[in-house]
1. Can you give me the number of residues within region 34-63 that are more than 8 Å from the ligand (Cβ to nearest atom), part of a loop (DSSP other than H, G, I, E, B) and among the aliphatic types (A, V, I, L, M)?
2. Determine, yes or no, whether T162 is within 27 Å of T191 (Cα to Cα), polar (S, T, N, Q) and more than 13 Å from the ligand (Cβ to nearest atom).
3. Considering region 39-56 alone, what residues qualify as being under 20 Å from R195 (Cα atoms) and either of a type in the set (S, T, Y) or touching a residue at least 40 places away in the same chain (Cβ under 8 Å) (or both)?
Amino acid sequence: MDEILPPEPPAEHYFTARPRSPSRRRELRFLYRGALVTVVVDRGVFASSALDPGTALLIETLDPGPTDRILDLGCGWGAVGLAAARAAPGGSVLLTDVNRRAVYLARENLRRNRIANAEVRAGAGFVPVRGERFDLIATNPPYHAGRELLLALLAEGPEHLTPTGRLLLVGKGSQGIHFYQRWLTDHWAATVEVRARGGGYRVLEARPASAPVDERKARAGPPRTVGRRPRRSA
Ligand SMILES: C[S@@+](CC[C@H](N)C(=O)[O-])C[C@H]1O[C@@H](n2cnc3c(N)ncnc32)[C@H](O)[C@@H]1O
């Protein structure tokens, strides 16, 4: 797809490509899978003072295969990609963000945590991963950038998934997660499941209809809450 840049907001927002707000770096610590993770965060980047609760639910839900190729789309300072790299030590992770300050922080945070199986690229949407496919796309996407941008990202998602690939998407009601759940079911996913709920957030898992049904069932495991809707005929 063509590069879709987020609209420049009147006041600086976390999805600004080049934040101008003065830097105020601080260290943040959180536990992931029993290990302490120490990161640097900064103003002008999403979750600049604490791990976002939606992101926390997403990383708790992450269940990559051991050698999966994973994309953290809109990585911010790198929480999801860092967790994914830890969860799939034999796999590889790509982190991308349009916000250059976020990209620098994510790189620094990978280095600090001695993560060798991950790489950070700057750019909007799927532009930095043109022609590449992933087993898992995990994202806490930029809801504030608007529905048009989000739908463009979701519409392009299947082009970047392997035949058995899937999307993990976190969001809450006020961010329109119910709308996106329906949209995914209607537009590209034969199955959309709610993998986790908490604090008003839900983590959706969506698999494009092109993935073989048996494979999808096998990977989905035992039935959980399923948000299925009949496909629209038009
Ligand atoms: C809700 S934040 C999530 C950040 C991080 N994954 C986390 O969970 O803490 C969404 C991120 O998407 C980035 N973003 C905004 N528009 C984007 C675009 N068009 N392409 C890629 N990333 C974008 C923002 O800069 C922001 O870092």
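Values quoted throughout were computed directly from the atomic coordinates according to the rules given, and no laboratory measurement underlies them. Keep in mind it's a predicted model, so treat the numbers as computed, not measured. Cβ placement follows ideal geometry from the backbone for every residue including glycine, while neighbour counts extend to all protein chains displayed.
1. Residues flagged as more than 8 Å from the ligand (Cβ to nearest atom), part of a loop (DSSP other than H, G, I, E, B) and among the aliphatic types (A, V, I, L, M) within region 34-63 amount to 2.
2. Working: within 27 Å of T191 (Cα to Cα): yes; polar (S, T, N, Q): yes; more than 13 Å from the ligand (Cβ to nearest atom): yes.
Yes; evaluated as a whole, the condition is true for this residue.
3. Residues satisfying the conditions are D52, P53, G54, T55.
Condition check ((1) among the hydroxyl-bearing types (S, T, Y); (2) in a helix (DSSP H, G or I); (3) within 14 Å of the ligand (Cβ to nearest atom)) across all residues:
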| site | (1), (2), (3) |
| --- | --- |
| A83 | no, yes, yes |
| T96 | yes, no, yes |
| Y104 | yes, yes, yes |
| P158 | no, yes, no |
